[in-house]
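Please read the structure below before turning to the comments.
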Amino acid sequence: MFNRSYRVETAIVFIIFGVGLFAGCIKVKGPQDTAVLLKTEDATREQLMSEVTRFASVNSIHAKMYLKFEDNSFAEFGSKEVYRSADGDVVVQRPSKIYMRIQVPVIKTDVAQMTSDGTKFCVAILQDGGSGKYKKFVVGTNNADYSKLQKEMKSADLDNGKVLKESVNAFANLRPQHFTDAVLVRPIDPSDLYTQSTIFQIEEDPTHSKGSPIRKVMRGYYLLDEYAKDASGNPEISRRFW
């Protein structure tokens, strides 16, 4: 009787000890922050195409811009060059006229100005640190290669330091059509093919602080792809609308 009772008590002790070890391995998961799914709307392909037509009815725009330049020349090596952001002021008018100026942040001094009629453009580099050695006025065509000018700006020893040099070098990469093609939307072409798809993308909402649990949001987008035929008659994407 004693031996049987002892065995039972020993078994109970081992069971309790085993349960304790097992409980120690259990990790209670707390709430985790996930991206907030924003409200999305349903639309048909015809509705998306009508939106493009609505944007295409805009003939002129005057806007303030916040510019951030990236140089992807070395993308094949897995690197890119990111320039400091700058403030911009742009006026565009159909078919492809543009006036644009880029300013140094905070002090709002013009670094460069650009105008174009769609075929030719003029660029004035206004700030070079005060020496006047690198001030330039360039006249050219929109589709020409100006990589030589870019190298010149990259190697320039600007007196005002890195910020101004980056701004001037980044501006040398700009083309008028980079802005006019994006802002002055071309109308729908009946001869092209249009397809609709959807995508979800996690983004940050800058209106909330970085530590906020609702800073990350998930947005749903429609993609409207425009297919045009190339010289061989094969369809290729010519534009994509988000």
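The values are calculated or read from the model by the stated rules, or taken from the named source; none is laboratory data. The structure presented is a predicted model; accordingly, all values stated were derived computationally and were not measured. When we count neighbours, we look across all protein chains shown, and the Cβ atoms used for this are built from the backbone with ideal geometry, even at glycine.
Structure values in brief
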quantity: Only one of GLU203, GLU236 that is part of a strand (DSSP E or B), farther than 18 Å from LEU37 by Cα and of a type outside the set (Lys, Arg); calculated: GLU236
quantity: Qualifying residue in region 149-169 (condition: in contact with a Ser or Thr (Cβ under 7 Å, 6 or more places away or on another chain) and modelled with pLDDT of 65 or more); calculated: no
quantity: GLN177 vs. criteria touching a residue at least 24 places away in the same chain (Cβ under 8 Å) and either over 24 Å from GLU41 (Cα atoms) or exposed (fewer than 12 other Cβ atoms within 10 Å of the Cβ) (or both); calculated: yes
quantity: Region 206-233 - residue that is hydrophobic (A, V, I, L, M, F, W, C), touching a residue at least 40 places away in the same chain (Cβ under 8 Å) and part of a strand (DSSP E or B) and, of those, nearest to LEU184 (Cα to Cα); calculated: LEU224
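Residue by residue, here is whether (1) surrounded by 14 or more Cβ atoms within 10 Å (Cβ to Cβ); (2) closer than 28 Å to THR53 by Cα holds:
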| residue | (1), (2) |
| --- | --- |
| PRO187 | no, yes |
| THR195 | no, yes |
| ILE199 | no, yes |
| ARG215 | yes, no |
| LEU224 | yes, yes |
| LYS229 | no, yes |
| GLY233 | no, yes |
